[in-house]
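So the structure is just underneath, and the comments pick up after that.
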Amino acid sequence: MNSSDTFVSDLLDGLVAFLSQGLTGAHWWQVLIAALVMTHITIASVTIYLHRHSAHRSLDLHPIASHFFRFWLWMTTGQVTKEWTAVHRKHHAKCERDGDPHSPVVFGIKKVFWQGAELYRAETKNQETLDRYGHNTPDDWMERNVYTGHSVLGVALMLIIDVALFGALGLSVWALQMAWIPITAAGIINGIGHWWGYRNFEATDASTNISPWGIIIGGEELHNNHHTYPTSAKLSVKPYEFDIGWLYISILQSLGLATVKKLPPKMAFGDVKPVADEKTLEAIIANRYEVMDGYAREMRAACQRELDGVKSRSADTAVLQAARRWLHRDNDKVPAEVKPQLERALAEHPVLEKMVTMREELRALWTGTNATREQLAADLQAWCRRAEESGIAALRDFSIQLRSARA
């Protein structure tokens with residue numbers, strides 16, 4: 001074999017070795033770990049920078065952190081900050097009504113889950129959406145000349161880096177990176193997050209918490225919490241919930257790279273006042289979702305007590321089983337086929353009927369638009385009086401707790 005043949009052979013051997021392992025020489029499991037770490041950084045960038053910082057202004061980011069997230073998203077998603085921010089703000093403004101860019105209520109769960117990314121891209125072409133909802137997003141030289149105008153270059157650069165690091169497996173790593181946000185954000189959060197899961201709060205939309213442990217999608221799994229308190233930098237509200245995005249924000253804040261502007265309100269309690277006053281009213285309205293969540297717990301407990309009584313008589317429990325699951329939910333969130341059972345439960349159990357009636361009267365304290373502050377305080381006092389004279393222990397205890405609320 002002459003020197004020319006040797007050179008070609010060595011070149012081919014080197015090329016095969018490079019395509020096999022890349023510059024890192026990593027094994028397949030090491031490549032997998034690296035891919036999952038990189039996709040997690042992308043998720044963190046979306047939830048911290050695009051979602052909580054840019055769209056909702058729930059925290060401010062130091063320019064170093066902000067630009068890192070912009071650069072990373074440019075390479076791993078090609079996302080343009082103004083486009084993502086505008087589409088998401090419109091989603092909140094038009095949630096589950098005509099004009100919502102990606103609602104399963106409007107488009108159906110199948111379309112949003114499988115084609116959510118296409119719905120997002122279609123809305124980014126709507127200049128009216130960008131003009132109306134895309135304000136206060138970056139407009140510096142890098143944004144105008146690199147990130148917005150040449151988003152394709154970012155993902156191409158990521159492809160080159162992946163192949164250089166991991167060889168042929170880098171193609172799979174890159175494909176995973178490109179699919180990660182369309183699947184998790186466009187499909188799972190925008191789709192399943194408005195269709196299936198549990199609800200802590202009766203927000204005005206159908207948002208749900210997919211999981212109490214927000215890890216894989218950066219905390220965005222807690223979607224009902226987010227729609228209840230959209231300007232909060234923290235998405236977890238219950239002791240058993242975990243928001244890994246909030247953990248990262250806390251670390252950034254400790255390093256001086258982030259400043260949290262708003263968190264979920266937390267109801268405070270003090271001594272029980274003889275009579276609820278305007279300060280009590282202020283605390284209740286400011287924490288109305290938490291108040292209604294507490295009332296829902298009392299309703300479920302009341303249903304359970306009624307259910308225990310029916311069981312002791314060996315009677316049919318199907319109606320009360322349905323009531324325990326659905327009675328605390330807002331009427332428009334109850335499936336049509338369940339409503340006859342709930343109506344029967346209310347007719348047969350006066351305690352439950354009274355609690356439903358009192359719930360709607362309590363809600364009127366913040367849904368009414370014409371009453372003065374003084375009138376609303378008087379209405380609250382009357383509500384507490386009726387609750388405590390109702391003979392229903394759950395209502396009495398709940399009213400006493402309300403009278404201890406502090407702003």
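The values are calculated or read from the model by the stated rules, or taken from the named source; none is laboratory data. Owing to the predicted nature of the structure, the values given are computational and were not obtained by experimental measurement. Here the Cβ is made from the backbone with ideal geometry for all residues, glycine too, and neighbour counts use every protein chain on show. These accessible areas exclude ligands, DNA and RNA; they are computed on the full protein's heavy atoms, side chains included. Shrake-Rupley method; radii C 1.70, N 1.55, O 1.52, S 1.80 Å.
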Query raised in the report: For the stretch 58-79, what are the residues that are open to solvent by 10 Å² or more (accessible area, probe 1.4 Å) and within 20 Å of Pro101 (Cβ to Cβ)?
Result: Thr77, Gly78, Gln79
Report summary line: His53 meets each of (1) crowded, with 19+ Cβ neighbours inside 10 Å; (2) in a helix (DSSP H, G or I); (3) out of contact with any Asp or Glu (no Cβ under 8 Å at 6 or more places or on another chain) with one exception, condition (3)
Report summary line: Cβ pairs under 6 Å, 6+ apart or interchain, first in the stretch 304-325 and aliphatic (A, V, I, L, M), second open to solvent by 80 Å² or more (accessible area, probe 1.4 Å), ordered by first then second residue, are Val319/Arg344
Report summary line: By residue number, the members of the stretch 238-276 that are closer than 21 Å to Ile210 by Cα, touching a residue at least 40 places away in the same chain (Cβ under 8 Å) and either part of a loop (DSSP other than H, G, I, E, B) or open to solvent by 30 Å² or more (accessible area, probe 1.4 Å) (or both) are Tyr248
Query - Sole exception among (1) crowded, with 24+ Cβ neighbours inside 10 Å; (2) more than 16 Å from Ala44 (Cβ to Cβ) for Tyr198, by number - result: (1)
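Residue under question is Arg89, and the condition is that it be within 26 Å of Thr204 (Cα to Cα) and open to solvent by 20 Å² or more (accessible area, probe 1.4 Å); does it hold? Can you show your working first?
Values: within 26 Å of Thr204 (Cα to Cα): yes; open to solvent by 20 Å² or more (accessible area, probe 1.4 Å): yes.
Spelling it out, Arg89 is indeed within 26 Å of Thr204 (Cα to Cα) and open to solvent by 20 Å² or more (accessible area, probe 1.4 Å).
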Query raised in the report: If only one of Phe71, Phe18 is aromatic (Phe, Trp, Tyr), in a helix (DSSP H, G or I) and either under 28 Å from Gly191 (Cβ atoms) or at pLDDT 90 or above (or both), which one is it?
Result: Phe71
Report task. Of the numbered conditions (1) among the charged types (D, E, K, R); (2) closer than 17 Å to Trp72 by Cα; (3) touching a residue at least 24 places away in the same chain (Cβ under 8 Å), Arg199 fails exactly one; give the number of that condition. Result -> (2)
Requested in this report: Please enumerate the residues belonging to the stretch 93-113 that are closer than 21 Å to Thr47 by Cα, open to solvent by 50 Å² or more (accessible area, probe 1.4 Å) and part of a helix (DSSP H, G or I).
Outcome: Phe113
Query raised in the report: What number goes with the only condition from (1) of a type in the set (Ser, Thr, Tyr); (2) at pLDDT below 90; (3) buried (at least 19 other Cβ atoms within 10 Å of the Cβ) that Ser312 does not pass?
Result: (3)
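For the stretch 204-217, check the following and say yes or no: at least one residue is small (Gly, Ala, Ser), more than 16 Å from the chain's Cα centre (by Cα) and surrounded by fewer than 19 Cβ atoms within 10 Å (Cβ to Cβ).
No, that holds for no residue.
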**Report entry** the stretch 316-339, residues that are open to solvent by less than 40 Å² (accessible area, probe 1.4 Å) and of a type in the set (A, V, I, L, M)
**Finding:** Val319, Leu320, Ala322, Ala323, Leu327, Val334, Val338
Report summary line: Note on the stretch 375-389: residues polar (S, T, N, Q) and modelled with pLDDT under 95 are Gln375
Query - Unmet requirement for Asn224, which otherwise passes all of (1) within 16 Å of the chain's Cα centre (by Cα); (2) over 25 Å from Pro104 (Cα atoms); (3) open to solvent by less than 40 Å² (accessible area, probe 1.4 Å) - result: (2)
